[in-house]
There are 2 protein chains.
Amino acid sequence: MKKVYVHITLKQGVLDPQGKAIQASLHSLGFQEVEDARVGKVIELHVQDSPHLEANVQEMCEKLLANPVIEDYRIEVGEAVRS
Amino acid sequence: MKKVYVHITLKQGVLDPQGKAIQASLHSLGFQEVEDARVGKVIELHVQDSPHLEANVQEMCEKLLANPVIEDYRIEVGEAVRS
């Protein structure tokens with residue numbers, strides 16, 4: 001069993017309303033030094049190891065995990081899961 | 001200006017309904033090899049550099065960005081923002 005991390009971020013140029021809301025809230029709390037905020041996701045998967053592990057996870061991203069129109073994704077195969 | 005990444009994950013033992021939904025969807029797509037899925041956030045901040053940068057971001061986490069009851073967070077100070 002392996003830990004696989006899928007890092008998903010909005011493509012450059014895509015408006016990030018959640019990030020804008022965070023930035024505005026930080027400003028209202030007095031943190032004026034924050035000039036931009038963007039929010040991404042990290043999905044940690046526990047996947048049975050196989051020779052096709054990375055290719056399978058890429059297929060999972062294309063079919064479900066990431067929206068190819070507005071999101072980029074990066075797959076990071078991590079350590080074995082301690083059972 | 002510095003890039004600062006705030007990695008936010010649910011504490012161990014906290015139910016992750018979003019992760020469970022992803023796992024169920026992956027199974028219905030035929031990816032039976034996925035035995036667990038957990039979803040975290042990464043907030044990328046662009047913050048004016050200062051000697052108290054990390055302490056300030058920690059305060060932002062405590063006040064707004066992370067829910068200390070159910071979430072853990074980790075601060076990663078990255079590279080300078082290219083203007």
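The values are calculated or read from the model by the stated rules, or taken from the named source; none is laboratory data. Worth saying up front: this structure is predicted, and the values here are computed from it rather than measured. No Cβ is skipped: glycine too gets one built from the backbone with ideal geometry, and neighbour counts run over all protein chains shown. Remember, those area values only see protein heavy atoms, side chains included, never the ligands or the DNA or RNA. Shrake-Rupley method; radii C 1.70, N 1.55, O 1.52, S 1.80 Å.
What is the projected area of the convex hull of the Cα atoms of the protein assembly as shown, averaged over all directions, in nm²?
On the way: hull surface 42.9 nm².
So the mean shadow area of the Cα hull is 10.7 nm².
Please get the size of the charge dipole for the protein assembly as shown, origin at its Cα centre, with Cβ charges of +1 on Lys and Arg and -1 on Asp and Glu, quoted in debye to the nearest 20.
The calculation lands at about 240 debye.
Evaluate E = 1/(1 + (r/R0)^6) for B:Leu15 and A:Glu59, where r is the Cβ-Cβ distance and R0 equals 25 Å; express this FRET efficiency to the nearest 0.05. Walk me through the intermediate numbers first.
Numbers: r = 27 Å, r/R0 = 1.09.
The calculated FRET efficiency here is 0.35.
Short version: which residues of the range B:48-62 lose at least 40 Å² of accessible area, all chains versus chain alone, 1.4 Å probe?
Relative to the lone chain, where solvent access is computed with a 1.4 Å probe, the range B:48-62 loses at least 40 Å² at B:Gln48, B:Met60.
If you take the accessible area of A alone plus B alone and subtract the pair, what total do you get in square angstrom, rounded to 100, with a 1.4 Å probe?
Chains A and B together bury approximately 2600 Å².
Between B:Glu76 and the same site in the other copies, what are the distances in nm, shortest first, taking label points 7 Å from Cα along the C-beta direction?
List, nearest first: 0.4 nm.
If packing is taken as the average number of other Cβ atoms within 10 Å across a peptide's residues, how do A:55-64, A:7-16 rank, most packed first?
Listed from highest to lowest mean packing, they are A:55-64, A:7-16.
Pairs A:Lys2/B:Lys3; A:Lys3/B:Lys2; B:Lys11/B:Lys63; A:Lys41/B:Lys3; A:Lys63/B:Lys11: which exceed 26 Å Cα-Cα? Can you show the working numbers first?
Numbers: A:Lys2/B:Lys3 30 Å; A:Lys3/B:Lys2 30 Å; B:Lys11/B:Lys63 18 Å; A:Lys41/B:Lys3 17 Å; A:Lys63/B:Lys11 28 Å.
Flagged as over cut-off: A:Lys2/B:Lys3; A:Lys3/B:Lys2; A:Lys63/B:Lys11.
At each listed q (0.18, 0.32, 0.33 Å⁻¹), what is the log10 of I(q)/I(0) that the Debye formula gives for the range A:1-40 modelled as equal alpha-carbon point scatterers?
Debye output, listed in q order: -0.58, -1.06, -1.09.
Taking a quarter of the surface of the convex hull around the Cα atoms of the range A:31-83, what do you get in nm²? Display every interim value, and only then the final one.
Working: hull surface 24.0 nm².
Value for the range A:31-83: 6.0 nm².
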